[in-house]
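The next block holds one structure in the form of structure tokens; read it before the comments.
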């Protein structure tokens with residue numbers, strides 16, 4: 001069973017009253033929901049136009065500890081398409097595991113600035129991916145999306161490159 005945002009907020013409010021946390025299970029649920037954990041998502045895309053292979057990778061961290069990672073193969077995508085696809089995959093995972101307050105990092109300055117409305121999205125293929133990403137962002141409670149240098153994004157970079165090479169296996 002997956003709760004939507006409204007249901008999660010209602011449950012948090014209900015459990016904020018100590019009288020509604022009479023047993024240990026309800027107390028534990030409240031502690032999980034009320035925790036001030038820091039959740040981070042690092043994403044990256046990799047593409048080789050000559051071989052028409054691409055890959056995506058990402059890592060979700062909670063309080064600095066990895067809780068989930070992904071590495072997937074994409075066929076015939078540009079690097080920017082791979083970056084957006086990694087972002088969309090990461091957002092879907094965050095929503096699925098109900099981590100709705102997140103700091104997101106990417107080494108793609110273009111994608112970060114497009115999502116943050118600093119750059120326009122002119123390419124029709126990018127517009128479609130941008131719209132998909134924004135639809136997922138609207139399901140989060142709070143988020144930031146920041147550019148990081150490639151060396152600060154090493155784990156996601158490694159996973160994206162591994163995803164690109166999965167076709168060869």
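The calculated FRET efficiency for the pair residue 78 and residue 38, based on their C-beta separation and a Förster distance of 30 Å, comes to about 0.40. When the helices of the chain are scored as -39500 (n - 2.57) per DSSP H run of n ≥ 4 and the total is divided over every residue, the value at 222 nm lands at -13500 deg cm²/dmol. Under a Gaussian network description of the chain, with springs only between Cα atoms under 10 Å, the residue in 96, 48, 23 that fluctuates furthest is 23.
Estimated from the Cβ-Cβ distance and a Förster radius of 45 angstrom, the FRET efficiency linking residue 17 and residue 135 is about 0.85. Result for the chain in a Gaussian network model with C-alpha springs under 10 Å: among 31, 131, 19, the largest mean-square fluctuation is at 19. Distance between the 7 Å Cα→Cβ label points at residue 117 and residue 142: 1.9 nm.
Just check region 70-169 against the gyration tensor rule for me: Cα atoms, a ≥ b ≥ c as the square roots of the eigenvalues, rounded for a/c under 1.5, and otherwise prolate or oblate depending on whether a/b exceeds b/c. Verdict is rounded for region 70-169.
Each of [x] 1.05; [y] 0.94; [z] 1.03 is a candidate for Rg/Rh (Cα atoms, Kirkwood Rh); the one calculated from this structure is [x].
Measuring nothing but how far apart in sequence close Cα pairs (under 8 Å, 6+ apart) lie, relative to its length, the chain scores a relative contact order of 28 percent. With each label modelled as a point 7 angstrom along the Cα→C-beta vector, the residue 62-residue 152 pair spans 2.5 nm. Spacing of the modelled spin labels on residue 97 and residue 27, each 7 Å from Cα toward Cβ, amounts to 2.7 nm. GNM on the chain, alpha-carbon springs under 10 angstrom: the most fluctuating residue among 54, 154, 22 is 22.
No value in this document is a laboratory result; all are computed from the given coordinates. All of these numbers come straight from a predicted model, not from anything done at the bench. Methodologically, a virtual Cβ is constructed for each residue, glycine included, from the backbone with ideal geometry; neighbour enumeration extends over all protein chains shown.
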